[in-house]
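Engineer: Let me begin by handing over the structure; questions about it come next.
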Amino acid sequence: MSEKFEPRIIGFFCNWCTYTAADLAGVSRLKYAPNLRTIRVMCSGRIDPQFVLEAFARGADGVLIGGCHPGDCHYISGNYKCLRRFKLLKRVVRDMGIEPERLRLEWISASEGERLKNVVNEMVEQVRALGPLNLPKRFVEWDKEVAELREHVAAAQQQEEAMSHA
């Protein structure tokens with residue numbers, strides 16, 4: 001019996017735009033996938049890259065960042081700061097072996113409830129197609145590889161030390 005994979009998506013939403021769009025979608029009774037767990041932040045520029053990595057480390061299969069459209073930021077330039085961090089995060093995530101499609105940035109204004117619905121549904125389908133991330137399981141595998149490497153290095157050092165005394 002196979003269970004259908006249901007991705008866990010963490011959404012970091014700007015208070016002034018994307019979070020308000022989510023509220024509008026709810027008030028308008030627009031239905032989107034229930035796989036999203038929203039974390040409201042005052043500005044997308046306040047999203048520390050560590051928040052995103054922590055979300056993945058704690059079992060999220062995808063992370064969606066939502067902010068105001070460029071030029072509409074409540075704090076003038078927070079979304080530009082977010083964009084710079086996002087580009088860096090994409091590289092870090094890719095280097096960690098995580099598919100970059102699991103991390104997404106969208107500019108969604110307060111009046112775009114329909115757009116929010118579409119973005120969430122698209123992301124859920126995209127992550128569902130990728131399958132579970134299982135980062136905690138990957139940590140166990142990486143720890144095992146590091147332990148094997150450490151043993152290999154220690155054995156090589158012992159052998160080198162024995163040869164120097166001979």
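Engineer: Residues of segment 7-132: accessible area per residue at 1.4 Å, in Å²? Mind dumping the intermediate values first?
Structural biologist: Working: 6390 Å² over 126 residues.
Using a 1.4 Å probe on heavy atoms only, each residue of segment 7-132 averages 51 Å².
Engineer: At a 1.4 Å probe, what is the % contribution of carbon and sulfur to the accessible area of the chain?
Structural biologist: On the way: 5440 of 10330 Å².
Its accessible area is 53 percent carbon and sulfur atoms.
Engineer: Rounded to whole Å, give me the distance from the Cα center of segment 111-139 to that of segment 23-63.
Structural biologist: 10 Å
Engineer: Answer with one residue from Thr18, Gln50, Ala155: the one whose Cα lies farthest towards the positive end of the charge dipole of the chain, charges on Cβ with Lys, Arg +1 and Asp, Glu -1.
Structural biologist: Thr18
Engineer: Any idea how far apart Ala166 and Glu101 come out in nm if each label point goes 7 Å out from Cα toward Cβ?
Structural biologist: Simple spin-label model gives 5.4 nm for this pair.
Engineer: With springs only between Cα atoms under 10 Å apart, run a GNM on the chain and tell me which of Phe13, Phe51, Phe86 wobbles the most.
Structural biologist: Maximum among the listed residues: Phe51.
Engineer: Right, here's the next one. Cα-Cα over 28 Å: which of Lys90/Lys144; Lys117/Lys137; Lys4/Lys144; Lys4/Lys81; Lys31/Lys137? If you can, show how the numbers build up before the last one.
Structural biologist: On the way: Lys90/Lys144 26 Å; Lys117/Lys137 31 Å; Lys4/Lys144 30 Å; Lys4/Lys81 37 Å; Lys31/Lys137 33 Å.
Flagged as over cut-off: Lys117/Lys137; Lys4/Lys144; Lys4/Lys81; Lys31/Lys137.
Engineer: Here's something else I'd like to know. Could you work out, for segment 7-132, what percent of all Cα-Cα pairs fall into each 10 Å distance bin, beginning at 0 Å and stopping at the bin that holds the largest distance?
Structural biologist: It works out to 14, 48, 33, 5, 0, in whole percents.
Engineer: Something else about it: Below 15 angstrom from the Cβ of Cys73, what's the summed charge of the other residues (Lys, Arg +1; Asp, Glu -1)? Could the numbers behind the result be given before it?
Structural biologist: Working: positive: Arg46, Lys81, Arg84, Arg85; negative: Asp72, Glu106.
Net charge around Cys73: +2.
Engineer: How far apart, in nanometres, would the label points at His69 and Glu145 be if each is projected 7 angstrom from Cα along the Cα-to-Cβ direction?
Structural biologist: 4.3 nm
Engineer: Relative to the Cα centre, what is the charge dipole magnitude of the chain, using +1 at the beta carbon of each Lys and Arg, -1 at the beta carbon of each Asp and Glu, and rounding to the nearest 20 debye? Before the final figure, lay out each step's value.
Structural biologist: Numbers: 24 positive and 22 negative charges, 150 e Å.
Taking the Cα centre of the chain as origin, the dipole is about 720 debye.
Engineer: When the chain is fully extended, how far beyond the present Cα-Cα distance does Lys4 get from Asn121, taking 0.36 nm per residue of separation? Walk me through the intermediate numbers first.
Structural biologist: On the way: separation 117, 0.36 × 117 = 42.12 nm, distance 1.62 nm.
Stretched out fully, the Lys4 to Asn121 stretch lengthens by 40.5 nm.
Engineer: Let me check something: with ligands and nucleic acids excluded, how do Ser28, Ser164, Ser44 order by accessible area (1.4 Å probe), largest to smallest?
Structural biologist: Details: Ser28 60, Ser164 85, Ser44 5 Å².
My answer, sorted largest first, is Ser164, Ser28, Ser44.
Engineer: A follow-up question, please. Let's see if you can work this out: charge +1 on each Lys and Arg Cβ, -1 on each Asp and Glu Cβ, no other charges. What is the dipole magnitude of segment 63-126 about its Cα centre, in debye to the nearest 20? Mind showing how you got there, number by number?
Structural biologist: On the way: 11 positive and 9 negative charges, 84 e Å.
Roughly 400 debye for segment 63-126.
Engineer: Going toward the positive end of the dipole of the chain, with +1 on Lys and Arg Cβ and -1 on Asp and Glu Cβ, which of Leu36, Pro132, Ile108 do you reach last?
Structural biologist: Ile108
Engineer: Related question: Hey, for a label at Asp48 modelled as a point 7 Å past Cα toward Cβ, could you say which residues of segment 93-111 have their backbone N under 20 Å away?
Structural biologist: The answer is 93.
Engineer: Of the candidates Val41, Val146, Val52, which one comes out as most mobile in a Gaussian network treatment of the chain with C-alpha springs shorter than 10 Å?
Structural biologist: So, out of Val41, Val146, Val52, the one fluctuating most is Val146.
The values are calculated or read from the model by the stated rules, or taken from the named source; none is laboratory data. Only a predicted model underlies this, so the values are computations on that prediction, with no experimental measurement involved. Neighbour counts are summed over all protein chains in view; Cβ atoms, including those assigned to glycine, are modelled from backbone coordinates with ideal geometry. Keep in mind that these areas ignore ligands, DNA and RNA; they rest on the heavy atoms of the full protein, side chains included. Shrake-Rupley method; radii C 1.70, N 1.55, O 1.52, S 1.80 Å.
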